[in-house]
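Here, each number is a calculation from the coordinates, and none is a lab measurement. Here the structure is a predicted model, which is why all the values come from computation and not from measurement. No Cβ is skipped: glycine too gets one built from the backbone with ideal geometry, and neighbour counts run over all protein chains shown.
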Amino acid sequence: MKLFYSPSSPYVRMAHAVAILKGLDDKLEKPPAREAGVNLDKLNPLNKVPTLLTDEGETLIESKLICQYFDEIGEGPKLYGQDPQTRRRVLQQEALGHGVLDAAVLCRMEERMREPEMRSAQWMERQTKKLELGFAAIETIVGRLGPSLGVPHITYVCMLFFIDQHKIYPGWREAFPKLAAWYDRTRTQPALAASEPKLT
Ligand SMILES: N[C@@H](CCC(=O)N[C@@H](CS)C(=O)NCC(=O)O)C(=O)O
């Protein structure tokens, strides 16, 4: 299988961490997606990472779908659960982490891509509100998650690492101390430690 890869992408990291957890890392090639000569848009019209090309020649786009595929073919307990209610709960918890990460990425893009005079304070406020309310909701969820690594753990750790790395929400640790303590404990679990980007 080929997982088109970018070491800085938190969405790629989510898929990679699930692959490690499901015993699939050895079966993954990780071609760099952003090198000259790689035309990812031929496989994925959205030209986004992660994109997975399976051994059967199927192309999967979206990290959440790739994580579900790894859960289907990998070893160990089913991360998305066996019954519809558990599955809905995991998908909902995952969606919340993705939504917060999406808002963080939009904040970063606004700052990176636009000149200061072109930036919209209203847009930033709108995204920042999603961060604040999302963090509050996630803080209550992690209190109930248990120690065994699952999709919500992976989603939240990858999201929090990205936000910390790019200083998108300074002060979150003081505002959400239980979430900060959970993050520091959880990020050291093997699949998360092994997939953590090396900061230079
Ligand atoms: N919802 C997508 C988001 C993927 C995404 O936005 N990836 C970024 C890298 S972090 C990307 O490839 N951006 C390139 C672009 O938008 O042109 C997922 O979960 O896979």
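Across the range 35-42, rounded Karplus estimates of 3J(HN,Hα) from the backbone phi angles (6.51 cos²θ - 1.76 cosθ + 1.60, θ = phi - 60°) give 8, 4, x, 8, 9, 4, 5, 6 Hz, Gly and Pro being marked x. Charges were assigned to the Cβ only: +1 to each Lys and Arg, -1 to each Asp and Glu. The resulting dipole of the chain about its Cα centre is roughly 400 debye. Along its three principal directions, the equivalent ellipsoid of the chain from the Cα gyration tensor extends over semi-axes of 26, 23, 15 Å, largest first.
Sorted largest first, the principal axis extents computed over the alpha-carbon atoms of the range 84-195 equal 47, 30, 25 Å.
GNM on the chain, C-alpha springs below 10 Å: top fluctuator among M159, M109, M118? Most flexible of the set in this elastic network: M118.
Taking G171, G97, G23 as the candidate residues, the one with maximal mean-square fluctuation in a Gaussian network model of the chain, Cα springs under 10 Å, is G171. Where both bridge residues fall in the chain, DSSP classifies roughly 75% of the beta bridges as antiparallel. Springs join every pair of Cα atoms under 10 Å in this Gaussian network model of the chain, and among R13, R144, R88 the largest mean-square fluctuation is at R144.
Its DSSP H runs of at least 4 residues, each contributing -39,500 (n - 2.57), put the calculated 222 nm mean residue ellipticity of the chain at -17500 deg cm²/dmol, to the nearest 500.
Mean projected area of the convex hull spanned by the Cα atoms of the range 30-84, taken over all viewing directions: 4.8 nm².
Think of each Lys and Arg Cβ as +1 and each Asp and Glu Cβ as -1; about the Cα centre, that makes the dipole of the range 107-200 roughly 180 debye.
Think of the chain as a dipole: +1 on every Lys or Arg Cβ, -1 on every Asp or Glu Cβ, centred on the Cα centre; then among P197, P31, A180, A180 lies furthest on the positive end. Amide H contacts under 5 Å for Y5: A33, restricted to partners 5 or more places along the chain or on a different chain, H placed in the peptide plane at 1.01 Å from N.
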